[in-house]
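The structure under discussion appears below in the form of structure tokens.
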């Protein structure tokens, strides 16, 4: 079982992101379970949502305390809550920022872990560029597909088409495609470094 | 059709396939998405003929359902928590009048302290209301139980609550097989009411009944629930023939054959329990599970049968009879009267407290060694409790308990987990 936790703020599409992730996994014939952290939703407040992916029925209903991957939709959360809590030693981290982990003071963390599984992505900018709204969730999903290989870009695109239509779907697909390529490039750079 | 969808959306689609003619509801978390989706289906014409009635409260929702059901319309509503409490007088009337209304309860805690999260306090508070109560383990079962519930309600002429864990199921996206209209039509015939208000043949429903007949009327409500004990397994078997899967029934066991310790529970926590039991089985523990689907009527004989070979059992329940202990546990103990079985009660998950596998592993191992107290509060913060008790001993003006507890725990913003 692969477990993903997404952190963000109310209004950033955190819950939608886990739902779309579960749809993408379902499209690949896998079992998936997405659920929010069940708080009172308020715009701007910290929000957490979860997604499990497995090849068999998922019966477990506890919150995800030891994720295999963490997606952080808002870097300002780093100063507010322990977003990395419980992350598995070989876990993946995708962070929405145009800064580097080093610039954010996270160099030590990278040293202790598999640095090639850590990636940043300017997802808000990509959302603005392609969809016209500063919503980072879909670019991050595509970035996660590139970083982890847990789901394919085509499945993310299928999930986008299920959730959105017309121009919004087109914009999101463009954002997803660029995000996927950007993360793949960063991974290549890291591998060659 | 197999799809990845939200529990609430799946239930809304299942209810629509049952061709309800009147839906009346008042929004309350975590039930809102269900009636929102149904409202959209009625507005778009996808669900027709059906009248969606916006009401001003839950009391009105149940009152409208009573009226429309008495007029011969298949009637549906949904609620949770304080909403259910607000409609209670009408809830008792619906069952007392024998009207086959189906209502989803998206189980949620009851305040005060106000809390929107899941436990089973709300529907269990209506234990003796005369309504049947069926508990879903998964969203697939929630879908299937709604289809069975309309059939069961109308055959008995009694109302049914289909209970699903708020947020944990209602807001979870998982794979659900939504049946076809043909399948549902083959299973659920049109509503043929035993009693109907018809201007062409006027009758009254709801007579005042004095001491000379009241007990008989009440006994007949009890008799209907006893009939349901026969009917529920039959309808589940028929469901399997039409839809090809096991869903519903009275109880369900898991890895129980040679189990010395049995865990009894209702609802979605059964999934987590099964995972823990699998892990413990791998280590050689003789442990099994009894899931109760039908809480009312309570299947005393089936529970007794399922537990008769074990040495001890733990009833893990998301409810608390304050001043007494377990609610479900009381019924389970009634079922095993005279067997000499050792029973433990574990109160867990109140107000949305997570029920993690680690805590269950510890609890079940303690149960195996019979080291548990008769009533255990899973993951209760005793330090916090004792601090408040001490405060109350020390000072007369100890203040509001909920506020003290939040202050002691240093809760300032939303947390996860």
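Shielding of peptide A:49-58 by partners, expressed as the average count of other chain Cβ atoms within 10 Å per residue Cβ, is 2. Shielding by partners for peptide B:170-181, expressed as the average number of C-beta atoms from other protein chains within 10 Å of each residue's C-beta, is 4. So between residue B:200 and residue B:36, what do we pick up on full extension, going 0.36 nm a residue minus the alpha carbon distance? The span from residue B:200 to residue B:36 would gain 55.5 nm if fully extended.
In nm, what is the difference between 0.36 nm times the number of residues separating residue A:184 and residue A:129 and their Cα-Cα distance? List each step's numbers first, then the result.
Details: separation 55, 0.36 × 55 = 19.80 nm, distance 1.93 nm.
17.9 nm is the gain from fully extending residue A:184 to residue A:129.
Taking the C-alpha atoms only, the angle from helix B:32-44 to the longest principal axis of chain B is near 20 degrees. Hey, quick one: spin label on residue B:216, modelled 7 Å out along Cα-Cβ, who in segment B:91-105 has an amide N within reach, i.e. under 19 Å? Counting backbone N atoms under 19 Å from the label point, the list is B:96-98.
Helix B:58-70 and the longest principal axis of the C-alpha atoms of chain B enclose an angle of approximately 40°.
Convex hull volume of the Cα atoms of segment B:2-243, normalised per residue: 123 Å³. With all pairs of separate Cα atoms included, chain B yields a Kirkwood hydrodynamic radius of 22.4 Å.
What is the mean number of Cβ atoms from other protein chains located within 10 Å of the Cβ atom of each residue in peptide A:27-36, rounded to a whole number? Don't jump to the answer; show the numbers that get you there.
Working: counts 1, 0, 0, 2, 3, 4, 8, 6, 10, 4.
Rounded to a whole number, the mean comes out at 4.
Taking the number of Cβ atoms within 10 Å of each Cβ as an exposure proxy, the fewest-first ranking of A:180, B:254 is B:254, A:180. Of the beta bridges in segment B:2-243, as assigned by DSSP with both residues counted there, near 25 percent are antiparallel.
In the protein assembly as shown, the C-alpha radius of gyration followed by the widest Cα-Cα span (Dmax) gives 25.6, 91 angstrom. Ranked by how many other Cβ atoms sit within 10 Å of their own Cβ, fewest first, the residues B:173, A:2 fall in the order A:2, B:173.
Based on the mean of other Cβ atoms within 10 Å per residue, sort peptides B:122-129, B:85-92 so the most packed one is first.
Working: B:122-129: 20.4, B:85-92: 18.4.
Sorting B:122-129, B:85-92 by mean packing, highest first, produces B:122-129, B:85-92.
Cα convex hull, segment B:136-194: 81 Å³ per residue, rounded to a whole number. Note on segment B:302-377: Kirkwood radius taken over Cα pairs, Stokes-Einstein applied at 25 °C and 0.890 mPa s, translational D equal to 190 µm² s⁻¹. Note on residue A:102/residue B:382: beta-carbon distance plugged into 1/(1 + (r/R0)^6) with R0 of 41 Å gives a FRET efficiency of 0.40. For segment B:72-165, the calculated P(r), taken from all Cα-Cα distances in 5 Å bins from zero up to the bin holding the longest distance, is 3, 15, 26, 25, 18, 9, 3, 1 percent.
Using the Kirkwood radius over C-alpha pairs as Rh, can you work out the diffusion coefficient of segment B:115-236 via Stokes-Einstein at 20 °C, viscosity 1.002 mPa s, in µm² per second?
Calculated translational D: 126 µm²/s.
Would you calculate, for chain B, the mean residue ellipticity at 222 nm contributed by helices, counting each DSSP H stretch of 4 or more residues as -39,500 (n - 2.57) and dividing by all residues, to the nearest 500?
On the way: 15 runs with 175 residues, N = 417.
Only helices count here, giving -13000 deg cm²/dmol.
Angle of helix B:269-282 to the longest C-alpha principal axis of chain B, folded into 0 to 90 degrees and rounded to 10: 50°.
Given a cut-off of under 8 Å on Cα pairs at least six residues apart, what relative contact order in percent is computed for segment B:251-377?
27 percent
Size of segment B:1-121 from its Cα atoms: along the principal axes, largest to smallest, the extents are 40, 37, 22 Å. Computed over the Cα atoms of segment A:2-192, the ratio of the radius of gyration to the Kirkwood radius (Rg/Rh) comes to 0.93.
When you count the other C-beta atoms within 10 angstrom of each residue and take the mean per peptide, B:255-265, B:50-60 line up highest first as B:255-265, B:50-60. Cα centroids of segment B:154-196 and segment B:92-108: 13 Å apart. Between the C-alpha center of segment A:71-134 and that of segment B:1-32 there is a gap of 37 Å. Each 5 Å bin from zero holds the following percent of Cα-Cα pairs in segment B:176-230: 4, 12, 11, 15, 16, 16, 11, 7, 5, 2, 0.
Give me Rg/Rg_expected for segment B:251-377, where Rg uses Cα atoms only and Rg_expected = 2.2 N^0.38 Å with N residues.
Values: Rg = 13.1 Å, N = 127, 2.2 N^0.38 = 13.9 Å.
That works out to 0.95 for segment B:251-377.
Values in this text are rule-based calculations from the coordinates and carry no lab data. These numbers come from a predicted model, not from an experiment. In this analysis, Cβ positions are derived from the backbone assuming ideal geometry, glycine residues included, and neighbour counts consider all displayed protein chains.
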